[in-house]
Amino acid sequence: MRQSFKGNKSVTPQDPNNGLSIYEYTMNLELSRVLKNGWVLAIDFPFSANSISNKFEHGSGVYHTTCDFGMGDLRFTAYKWLLNVNNPHKGNIQVGLGLKFPTGNYHKELGSGVPGYQVSLPFSFLLSQKVVTHYNLGVTYIPGSKNADGSKSDIIIYNYGLSIIILLHTNFNFMFETVGYTTLTKEKNANTQISNTLLISPGFRYAINFKSGLQIVPGIAAPIGFISSKGDFYVFAYLSFEHPVWKPKSKSKNSDKIEGRIN
């Protein structure tokens, strides 16, 4: 359900974040297929449920809530490991090319309303038997992205990330992650708007393994914002389910096994 409220008087509080509550729930269903020679195909179905409550937007001081729920833009990506996955390496690098389909409702800000294009360059390196590092660089280009008010803009998003995973136990990990975004937005007859976001996030995760091949991973983290989001503090919880759709009857010596792919 989508709700919206409009008044006839604009009020700007001294602290617009005071009294503001934002809840974001996301779920991503990914189907991936590991092919020979280091190729991986993946398709992602994102779903979001978001709500914003603010009492300062209304003269009565009573909380009102705007909420949205729906599927976002579907993504199809082809990945290729550059080093032979059958040989032991302390690190490996992957190249990903993706296409984003406009399946999300841009009126509800769940999608862009137009196709988008993505390039990603994830890299993993094993510092020791107990410490693993992941790095990620990427860019997303969305020409003519549609805004909720019907206007259009060209969007380029540069993303970068670093994560350090400490294997405290076989099934229990400490994580220290850094994620950043630089977004360039260009509307017709307007200057390019540039925004930067940086989050540093310590956290933990625990893996629960089943004989059937199912793996359930709950995790919790505490992202802290810097640059444009300086001073912001979040609580991030996630729950991951991984299970093979089917298992091959036999496994040849040349079959590829890829673990720990970076998103």
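Since every read-out is calculated from the coordinates, none of them should be taken as a lab result. Owing to the predicted nature of the structure, the values given are computational and were not obtained by experimental measurement. Note that each Cβ is placed from the backbone with ideal geometry, even for glycine, and that neighbours are counted across all protein chains shown.
Worth a mention:
- Shown in residue order for segment 198-210 are the 3J(HN,Hα) couplings computed by the Karplus curve 6.51 cos²θ - 1.76 cosθ + 1.60 at θ = phi - 60°: 9, 10, 10, 9, x, x, 9, 8, 9, 9, 10, 9, 10 Hz (x for Gly and Pro).
- 5 angstrom amide H check on ASP232, placed H, neighbours 5+ away: GLY225
- The amide H of LEU110, built 1.01 Å from its N in the peptide plane, has ASN105 as neighbours under 5 Å, considering only residues 5 or more places off or on other chains.
- As a rough footprinting exposure proxy, the listed residues THR183, THR77, THR26 were ranked by other beta carbons within 10 Å of their own, and the order from fewest upward is THR26, THR183, THR77.
- Fewest-first ranking of ARG33, ARG75, using other Cβ atoms within 10 Å as the exposure measure: ARG33, ARG75
- Relative contact order of segment 73-241, defined on C-alpha pairs under 8 angstrom at six or more residues apart (%): 12 percent
- Dipole magnitude for segment 73-241: about 340 debye, using +1 per Lys or Arg Cβ and -1 per Asp or Glu Cβ, origin at the Cα centre.
- Ordered by the number of other Cβ atoms lying within 10 Å of each residue's own Cβ, fewest first, LEU29, LEU199 fall into the sequence LEU29, LEU199.
- Annotated for segment 31-152: lysine pairs at least 8 residues apart or interchain, Cα distance under 21 Å, count 10.
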